[in-house]
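The values are calculated or read from the model by the stated rules, or taken from the named source; none is laboratory data. Values in this document were obtained by computation on a predicted structure and should not be read as measured data. Quick reminder, even Gly has a Cβ in these numbers, built from the backbone with ideal geometry, and neighbours come from all protein chains shown. For the accessible areas, the whole protein counts, side chains as well, though only heavy atoms, and no ligand, DNA or RNA atoms are used. Shrake-Rupley method; radii C 1.70, N 1.55, O 1.52, S 1.80 Å.
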Amino acid sequence: MSLPDTSQDIAAVYRFLAQCMQYPDSDWMNEEFFDVLYNLLGTLGGIEEGVEIRKTINNAEDYIEDLQVEYTRLFINGVPHVVAPPYASVYMDKSLQGTFAGNTLAFYREKGFGLKEDADLPDHIIHELEFLSLLAEEKDLTGEEEFLTKLFRPWYQKFHTRVTEEAHHPYFRVVVMLIDFFTKEEDEDGFQPNEA
Amino acid sequence: MAFNLTRRKFLQTASLAAASVPLSKVVSASTGVTKTPLDAKGTFGDKTVVGGICEMCFWRCQLVGKVRDGRLMKLEGNPKSIDNGTAICARGNAGVKLLYDVDRLKYPMKNVGKRGAPKWKRISWKEALDECGSKLKSTVDKHGAQGICVFPHGASAKYPMHYFERTVGTHNVSEASFFQCRGIRDTAYVASIGKAPGEKIDMPNTKVLFFIGDHLGENVHVSHIKQYVQGLQNGAKLIVADPRFSASAAKADIWVQIKPGTDTAYMLAIMNYLVKNNKYDKAFVEDHTEGFEEFAAAISEWSLEKAAKECDIPAEQIKEVAEMLAANAPHVGVHPGRHVSWHGNDFQRQRALACLAGILGAYYVKGGWVPAKGPKVGGVSWAKEDHGHKYDLNYDHHEDEKVYPFNPPGTPTELIRDCAISGKPYPIKSCVVWGQNPMQTIPGQQKMKDLFNAMDFVMCVDVMPTDVTMWADILLPESSYLERFDYIKKGTQWDLSKEHQQYISARMPLVPAMFERKDQIYITNEIAKRMGHESKIPVKTIEEMVDKSLATANLSIEKLKAEDGIHIQPGKDPYGIPEDFTVMLFNEDIEDAGYPGAPTYKPVPDVPKGYARLLYGRAPVHTFNRSQNNVWLHNAMPDNPVWLNDEVAAKLGIIDGDTVGFVNSEGVESATTTTVKVTPGIRKDCVYMYHGYGSANPLMTIGVGAGVDDQALITKLAIDPETGCSGMRNNFVKLIKDGKVLEIQA
Ligand code: SF4
């Protein structure tokens, strides 16, 4: 049986995940956004996760500010220290713009992509997810796999662990769980190997 | 927590299609990654970018950057440089790590927590600038311009400092580089020779170098070190007064292991000996000094024996020093030093240095103090306006004279802090910190905290989240020296005896600024617009500022780029004394102001029983707290071991490598510990450590808690009476080991 062509759907998922990692702002982080998020979680059997986010948001005086403070602490500058800078090189080279960032940009270029003037660094998680989405749109499955294996998963696992352990807000724990789910390798039988 | 599907299953089912349809409705239309034309890899190959000017320290060596596809891979000295040449120091090299330090400030942030215990929220530039502009304006509206105090530092802080001083009109500006560092040197030399001395000693061509506390080798500035090493290679003798066996002491012909605080007595004895024994330069004294008689009389009490006793050194050694100076005069380099805010008696010590060079005739001659004749380049900034004395805290209105008559530019720090904390004589309610970390540059951390707590508004601009940034309401990220235009660096060839040449260079970015970092012109102008000063803005962009400056020398950014970042032109012979050059051996203006007109020694407090005097200095691979979070430099020197005399250590039962903390004579304990370096190379009554360690800010993930912060232990403030500058070496400590406080037996 041949697999259905899901590439456009996967592209949409990657784009959505990239969106989830943007700095929280009421321009886009509105009711409609959360409905879509809860719907996706529901489809995956993650209703509880959705409920937890909803509860935290409903209980907040200013949920956008809470998410902004948390985003700043987790990904920009935080006290006691920035938890999980969203750049591959930080995990692989212990610096911004290390070799790993260079290799990431080179990979984009090989595939005929580049970064816009106002883009963040090439190895920012948002750009990596955007790139995966563009590869999916082009049905470049091999490229997608190669990028995931060589340039995404090696650092993402560390990033994911840090966010999971240190995030105070369920939104970010759930988002990194989603990213993990959609980028994780599986063995032949569809089992996802345990992290070890 | 895990989803109850596998990815494969999910992707195979119809659920993906169902779930994915609405997804695209809530994503933004554009992406940062975009389709580009295919280019060969070589298109993105390595490039050498010219125009870098280092600012890992103030020396500002000229750089080139090796850039690969937008990433700065390596910094090197600009081969065209006639100053540092291709050489840069360890810190210069490690600039790459500052540029890409993940802890660096990236976006404007607002503190939605408390001052000192911040909760940061990223905000837009517009929101940040609106808040800064409106808060500062409201302070001026309510309390007047004097209601704002400013703590600036570095090349990027000049433009905003001028804005607040000249246009807004506050006197309340305190630069650490003046009030906690070299201001005393500069004003003492102005009062002695009419000019600030810089470090303008013709070291390559000298016969004797005379240092008081200078520790070149640990204190590294590339062309300065080149000059020093060249001088030693050429056979210069070296005389070093230092309680510690410093890198310079280790190379010295005479090491004077002087008691801290007594340097002036030592120099007075040298000068008195030279005068009494007719070993001074009579012709020079006749032609180029004033007040010799009064000077000679004032210092006449300083026999070798008296000084020997005061300084705890042999009289014979002082004589040996004096003889060596006399035998080689006038080709003697009496180094003015740089960081000289030591004991609160420093103006007089700096005067003594200037006068010693005077009676040796060591000005404008080979090997003496020789200001190179550099090129002229005009500057551009906010127009000067007169704001009178009414709100000048350094002005005594009853007496109609200055409180500290020989203050460096700005207002003495303590006057500002006292006023801000007490609200007297007027309220100070907003504070602007720009590139300075007053928590570690200014002694008395509690006082600094009290100042911040007394403010209605605090804003900080910096590249790193230094300790002070924790006290900001709004924190703005500045582009670093590798990401912006600004400073014009000019000078001459480093060895004055070689072909006379001049150079002009301007700082240019080696890579574009990352994230949302902005330069000082943008930030200042935007605040100025919001404070109602738009019409007075002198330049719109930083490029315009640099171009306008360069235009005064018939240059431009474009021309400089075409000349590999450095313009070189013929220079002038710097030797030969100007006719009107005068050394004020006795200065009547100083006497009229109520201070001694001839250099005078004032004893400093003695070390209390059980304590040692805390001394600090520079490490070769660090520029104080500016580099403490730099991973390469941190690895090279991760902490600051405390130097402890070996005999003292034996009595205390301490061995090399032991871990200790400190408590000072006012009961302040160090927050962290460091290791002990047991050595015969330090006097028994002192301990020594490198300055700039032990950051308390957890945002500095590398530097936090590494080593001990000496500044935290400097709680007793001495104020230099002539200048109002801080003296920081009258603090005393005991060691704490395994929780036990140890009495030091010197
Ligand atoms: S001496 Fe070192 S840190 Fe200072 S400017 Fe030169 S290279 Fe940079």
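Within the protein assembly as shown, what whole-number % of the accessible surface is contributed by carbon and sulfur, with the 1.4 Å probe and all protein chains included in the calculation?
50
Which of the lysines could a cross-linker span from A:LYS184 if the Cα-Cα distance has to be under 19 Å and same-chain partners fewer than 8 positions apart are dropped?
Straight-line reach from A:LYS184, under 19 Å: A:LYS139, A:LYS150, A:LYS158, B:LYS9.
Per DSSP H run of at least 4 residues, take -39500 (n - 2.57); add these up for the protein assembly as shown, divide by its residues and hand me the 222 nm value, nearest 500 deg cm²/dmol.
Using -39500 (n - 2.57) per qualifying helix, the result is -10000 deg cm²/dmol.
Report the relative contact order of chain B, percent, no decimals, based on alpha-carbon pairs under 8 angstrom and at least 6 residues apart.
After rounding, I find 19 percent.
So which aspartates and glutamates pass the test for B:LYS602, namely a Cα distance under 18 Å, with those fewer than 8 places away in the same chain ruled out?
B:ASP263, B:GLU301, B:GLU305, B:GLU310, B:ASP312, B:ASP346, B:GLU591, B:ASP720, B:GLU722
Using DSSP, restrict attention to beta bridges with both residues in chain B and report what percent are antiparallel, rounded to the nearest 5.
55
Summing Lys, Arg as +1 and Asp, Glu as -1, what charge do residues with Cβ under 15 Å from the Cβ of B:LYS734 carry, B:LYS734 excluded?
Spelling it out: positives minus negatives among the neighbours equals 0.
Please compute the modelled spin-label separation between B:ASP646 and B:VAL21, points set 7 Å along Cα→Cβ, answer in nm with one decimal.
Label at B:VAL21, label at B:ASP646, 8.5 nm between them.
Using +1 at the Cβ of each Lys and Arg and -1 at the Cβ of each Asp and Glu in segment B:321-378, identify which of B:GLY344, B:TYR364, B:LEU325 lies farthest towards the dipole's positive end.
Sorting the options by dipole projection puts first B:TYR364.
Nearest 20 debye, what's the magnitude of the dipole of segment A:11-183 about its Cα centre given +1 on Lys and Arg Cβ and -1 on Asp and Glu Cβ?
The calculated dipole for segment A:11-183 is roughly 640 debye.
How much length would be gained if the chain were fully extended between B:GLU401 and B:PHE581, taking 0.36 nm per residue of separation minus their Cα-Cα distance, in nm to one decimal?
Stretched out fully, the B:GLU401 to B:PHE581 stretch lengthens by 62.0 nm.
Taking 26 Å as the cut-off for C-alpha to C-alpha distance, list the pairs among B:LYS195/B:LYS390; B:LYS609/B:LYS740; B:LYS276/B:LYS306 that go past it.
Checking Cα-Cα distances, B:LYS195/B:LYS390 exceed 26 Å.
Return the FRET efficiency for the residue pair B:ASN278, B:THR659: r is the Cβ-Cβ distance, R0 is 41 Å, and the value is rounded to the nearest 0.05.
For R0 = 41 Å, the calculated efficiency reads 0.15.
So what are the radius of gyration and Dmax for the Cα set of chain B, in Å?
Both quantities, over Cα of chain B: 27.6, 105 Å.
How big is the C-alpha Rg of the protein assembly as shown next to the rule-of-thumb value 2.2 N^0.38 Å, as a ratio?
Normalised Cα radius of gyration, the protein assembly as shown: 1.05.
In peptide B:512-521, how many Cβ atoms from other protein chains are near each Cβ within 10 Å, on average?
Average per residue, whole number: 1.
What ³J(HN,Hα) values, in whole Hz, does the Karplus curve 6.51 cos²θ - 1.76 cosθ + 1.60 give for segment A:46-59 when θ = phi - 60°, with x put for Gly and Pro?
x, 4, 4, 4, x, 4, 4, 5, 4, 4, 4, 5, 5, 7
By average Cβ neighbour count within 10 Å, what is the ranking of B:201-210, B:243-252, B:315-324, B:96-105 from highest down?
B:201-210, B:96-105, B:243-252, B:315-324
Could you work out how far the C-alpha centroid of segment B:349-385 sits from that of segment A:4-34, in angstrom?
A separation of 64 Å, based on Cα centres.
Any idea what angle helix B:222-233 forms with the longest principal axis of chain B, computed on alpha-carbon atoms, 0 to 90 degrees, nearest 10?
30
What is the average number of partner chain Cβ atoms found within 10 Å of a Cβ in A:112-120?
5
For B:ALA117 paired with B:ASP253, estimate the spin-label separation in nm (one decimal), with each label point 7 Å from Cα along the Cα-to-Cβ line.
Placing both labels 7 Å along Cα→Cβ, they lie 6.1 nm apart.
Cα centroid distance between segment A:65-132 and segment B:394-414, in Å?
That distance is 51 Å.
Once phi is turned into ³J(HN,Hα) by the Karplus curve 6.51 cos²θ - 1.76 cosθ + 1.60 with θ = phi - 60°, what whole-Hz value does each residue of segment A:165-170 show in order, with x for glycine and proline?
Whole-Hz 3J(HN,Hα) from phi for segment A:165-170: 6, 10, 5, 8, 9, x.
Counting DSSP beta bridges with both partners in the protein assembly as shown, what percentage is antiparallel, nearest 5?
The antiparallel proportion sits near 55 percent.
Would you mind giving the mean number of other chain beta-carbons within 10 Å of the Cβ of each residue in B:460-467, as a whole number?
1
With a 1.4 Å probe and every protein chain left in place, tell me how much accessible area A:GLU31 has, in Å² to the nearest 10.
Here the residue's solvent-accessible area equals roughly 150 Å².
Starting at the first residue of segment B:46-63, write each ³J(HN,Hα) from the Karplus equation 6.51 cos²θ - 1.76 cosθ + 1.60 with θ = phi - 60°, in whole Hz, x for Gly and Pro.
5, 10, 9, 9, 9, x, x, 10, 5, 9, 6, 9, 6, 5, 6, 6, 9, 10
Defining a contact as two alpha carbons under 8 Å apart and six or more residues distant in sequence, what relative contact order in percent does segment B:197-359 show?
The value is 31 percent.
Tell me, what is the percent relative contact order of segment B:45-135, built from C-alpha pairs under 8 Å that lie six or more residues apart?
Once normalised by length, the contact order is 16 percent.
Can you order the peptides B:521-528, B:646-653, B:633-640 by their average number of other Cβ atoms within 10 Å per residue, highest first?
The densest-packed peptide leads the list: B:521-528, B:633-640, B:646-653.
What's the ranking of B:562-569, B:486-493 by average number of surrounding C-beta atoms within 10 Å, highest first?
Result, highest mean first: B:486-493, B:562-569.
Between B:LYS47 and A:LYS116, what is the label-point separation in nm under the 7 Å Cα-to-beta-carbon projection?
A separation of 2.2 nm, rounded to one decimal place.
Please compute how much accessible surface disappears when A pairs with B, both sides summed, using a 1.4 Å probe, and round it to the nearest 100 Å².
Summing both chains' loss of accessible area gives about 6000 Å².
Can you give the FRET efficiency to the nearest 0.05 for B:PHE515 and A:GLN22, using r as the Cβ-Cβ distance and R₀ = 22 Å?
0.90
Starting from the Kirkwood Rh over alpha-carbon pairs, what translational D in µm² s⁻¹ does segment B:99-215 have by Stokes-Einstein at 10 °C and 1.306 mPa s?
The Stokes-Einstein estimate is 86 µm²/s.
About the Cα centre of segment B:612-742, what is the dipole size in debye to 20, counting +1 per Lys and Arg Cβ and -1 per Asp and Glu Cβ, all else neutral?
100
Straight-line reach from B:LYS384: which aspartates and glutamates have Cα under 18 Å away, leaving out those fewer than 8 places along the same chain?
Correct list for B:LYS384: B:GLU165, B:ASP392, B:GLU534.
Just the number, please: percent antiparallel of the DSSP beta bridges in segment B:612-742, rounded to the nearest 5.
Taking every DSSP beta bridge within segment B:612-742, about 60 percent pair in antiparallel fashion.
Please work out the C-alpha center-to-center distance from segment B:269-302 to segment B:122-166 and express it in whole Å.
Taking the Cα centre of segment B:122-166 as reference, the centre of segment B:269-302 is 50 Å away.
If R₀ is 41 angstrom, what is the calculated FRET efficiency for the pair B:GLU218 and B:GLU666, using the beta carbon separation as r and rounding to 0.05?
Given R0 = 41 Å and the Cβ-Cβ separation, E is 0.90.
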